[in-house]
Amino acid sequence: MPRFINSKALSDLLASDRPHALLDVREHGEFNAAHIHGASWLPRRRIEMDARVLAPSNGTLLVVCDDDGRRAALAAETLERLGYADVHVLDGGLNRWVTDGMSTEWGVNVVSKEFGERVFETTDFPEVSPDELYQWQAEGQNVVLLDSRTPEEHSFATIPGSRSLPGGELALRFDALAVAKDAKVVVHCAGRTRSIVGAHTLRRMGVPNVYGLKNGTMGWTMAGYEVESGSPRVDLPSVSPAVEAAAATRAESLAAKDGVRFIAPEDLRALIATSDQQNVYLIDPRTREEYAAGHIPGFRWFPGGQAVQRSDEVMAVRQGHVVFACDGTVRSSMSASWFRQMGFPNVYVATGGITAWAAAGHEVEQGHSGSGSDLDALKSVARISSSTLLERLSGVGQSAIMFVGTSREFAGGHIRGARWIPRGWLEFHIGDVAAIDDAVVVTCNDGVQSSMAAGTLLDLGYSRASFLDGGVSAWRGAGLPLETGLVGVGSPPNDVVLAGTERTFAEMMQYLRWEEELGHKYRSQPG
């Protein structure tokens with residue numbers, strides 16, 4: 001049975017060097033509204049899939065929290081079933097934490113965003129406003145615009161004329177662009193963090209005339225300028241051996257200066273072997289295609305620019321060991337450098353990356369490995385095909401249908417008649433949808449969360465529970481109709497967080513002011 005920990009004891013733990021993970025099991029919108037500093041977000045609906053990613057070792061001291069302790073207690077039971085031996089629940093949740101006089105913060109990925117603002121405040125960071133950039137473009141100045149976000153974000157909405165060059169690729173590929181020495185290089189993202197970190201990276205690599213675009217695409221939009229959608233400029237520039245060698249020399253030097261340790265293949269194997277005693281995080285920061293073509297077994301794909309943007313999603317145990325491995329050293333060195341600058345103590349680069357690993361005769365893995373739920377074998381849950389469910393909906397054997405993904409996923413497409421019950425609240429609201437002897441079909445986008453939820457229903461006594469094989473994606477793939485919108489949802493959901501240009505102008509301003517304020521405490525500190 002999970003144990004309880006009070007606010008004072010948790011506060012002392014968070015201030016200590018004892019390895020631990022604080023996991024907030026609420027939904028993203030709830031976490032964004034208020035959470036405890038140092039918490040990693042792990043929604044209850046994703047525990048089986050992602051717990052091992054955030055806390056690899058079964059011996060990890062885990063503290064689970066929510067708003068009042070109800071969902072946290074159920075989440076703790078799941079974690080124990082996964083094999084974690086030291087699980088605690090915050091007694092009374094955040095409600096008690098606040099009542100006891102403890103502080104909370106709002107927003108997501110706070111550690112990473114605070115790092116970006118610290119760089120901004122302490123390095124005499126050069127910034128260009130949207131109006132200035134627009135004027136430069138209108139005057140025909142030589143401006144090179146680089147979007148440091150993911151290619152998908154770039155294609156959705158970018159600054160006109162910008163090209164995609166994700167933050168993790170900047171150090172490796174910038175010189176391949178053959179930018180003129182007198183060009184003005186402007187790095188942008190949707191807001192602030194990735195543009196600041198990206199521009200700072202280029203400056204540390206010796207690139208002149210580099211600027212960050214103030215407030216990114218949100219600032220551009222708020223200034224009254226149009227964004228570009230559907231940009232085709234997403235191909236990464238090819239890198240010659242000479243360019244890579246020069247970039248590697250600079251990146252390795254910066255990483256060493258920041259306190260990164262380099263680890264040879266045999267020592268890496270030894271470290272990986274200790275994963276059951278300590279938390280070892282293995283990160284491959286290359287592109288999706290490179291990772292799929294071949295990576296060191298056990299390494300997780302997490303592009304470098306996204307890793308620095310979402311460090312709390314990379315590792316929940318700050319005292320753990322994180323190893324970055326690319327094909328050489330440039331991208332892994334820069335990713336590791338960022339993590340050291342954020343204060344993570346045990347950061348490594350795999351010397352020579354996968355190239356040295358393979359040359360040493362070690363196995364290389366291909367494809368994209370999943371998170372690998374440890375509960376897959378614990379349930380024998382009935383699955384139902386789209387065609388069989390269609391027959392039931394036509395009158396042959398009626399079923400209660402529910403959707404257990406997010407409200408955004410539900411609104412994007414669900415089977416007509418389905419009720420939205422977030423998986424985290426399943427035990428508390430199932431009685432509103434189905435009686436214990438009803439046939440229940442659980443759905444989600446891909447069938448993963450719904451299979452777990454159907455297993456929970458079996459535990460509760462719903463013996464006729466099943467899940468839609470392949471989820472709504474399979475239903476859609478069969479050409480069957482879907483309903484969209486928040487049909488049957490009584491009150492506005494609080495489970496999702498709007499991003500970028502999804503926000504209203506007022507929401508954009510509030511978000512950007514929050515980001516800036518994270519750095520105010522560093523204003524008196526010289527770089």
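Couple of notes before you dig in:
- Residues whose amide H falls under 5 Å from that of His20, counting only those 5 or more places apart or on a different chain, are Arg318, Gln319, with hydrogens built in the peptide plane.
- Each Cα pair under 8 Å and six or more residues apart adds its separation to the average, and for region 3-110 the resulting relative contact order is 35 percent.
- Local electrostatic count at Gly361 - Lys and Arg +1, Asp and Glu -1, tallied over other residues with Cβ under 13 Å: -1
- Rel. contact order, % - alpha carbon contacts under 8 angstrom, at least six apart, region 121-232: 35 percent
- Region 121-232 shape via C-alpha gyration tensor axes, a/c threshold 1.5: rounded
- Pairwise centroid distance, computed over Cα atoms, of region 151-180 with region 255-322, Å: 24 Å
- Extreme residue, positive dipole direction of region 1-89, given options Leu14, Tyr84, Leu54 (C-beta unit charges): Tyr84
- Distance from the C-alpha centroid of region 85-148 to that of region 406-468: 36 Å, rounded to the whole angstrom.
- Excluding same-chain neighbours fewer than eight residues apart, the lysines reachable from Lys214 by a Cα-Cα span under 26 Å are Lys113, Lys181, Lys184, Lys521.
- For Asp182 and Glu226, a Förster radius of 35 Å and the Cβ-Cβ distance give a FRET efficiency of 0.80, rounded to the nearest 0.05.
- Phi-derived couplings, Karplus 6.51 cos²θ - 1.76 cosθ + 1.60 at θ = phi - 60°, listed residue by residue for region 45-61: 5, 10, 4, 4, 7, 10, 4, 5, 5, 7, 9, x, 8, 5, x, 4, 6 Hz, with x used for Gly and Pro.
- Three-way shape label, region 376-477, alpha-carbon gyration tensor, a/c 1.5: rounded
- Calculated [222 nm] ellipticity per residue, helices only, for the chain: -11000 deg cm²/dmol; basis is -39500 (n - 2.57) per DSSP H run with n ≥ 4, divided by all residues, nearest 500.
- Additional length obtainable on full extension of the chain from Glu502 to His520, 0.36 nm per residue less Cα span: 3.8 nm
- Listing Glu48, Glu132 from fewest to most neighbouring C-beta atoms within 10 Å gives Glu132, Glu48.
- Order of His414, His28 under a 10 Å beta carbon neighbour criterion, fewest first: His28, His414
- Looking at the chain, the DSSP beta bridges with both ends there are about 5 percent antiparallel.
- Taken about its Cα centre, the chain carries a charge dipole of roughly 320 debye when the Cβ of each Lys and Arg holds +1 and the Cβ of each Asp and Glu holds -1.
- Antiparallel beta bridges, as assigned by DSSP with both residues in region 237-393, represent about 5 percent of the total such bridges.
- Cα shape, region 247-359, gyration tensor, a/c 1.5 rule: rounded
- Ranked for footprinting exposure by Cβ neighbours inside 10 Å, fewest first, Tyr511, Tyr225 give Tyr225, Tyr511.
- When only the Cβ of Lys, Arg, Asp and Glu is charged (+1, +1, -1, -1), the dipole of region 247-359 relative to its Cα centre reaches about 240 debye.
- Relative contact order for the chain: 16 percent, from Cα pairs under 8 Å spaced at least 6 residues apart, divided by residue count.
Any read-out appearing in this document is the output of simple, stated calculations on the displayed coordinates, not a laboratory observation. Keep in mind the model is a prediction, meaning the values are calculated, not measured. Neighbour counts are summed over all protein chains in view; Cβ atoms, including those assigned to glycine, are modelled from backbone coordinates with ideal geometry.
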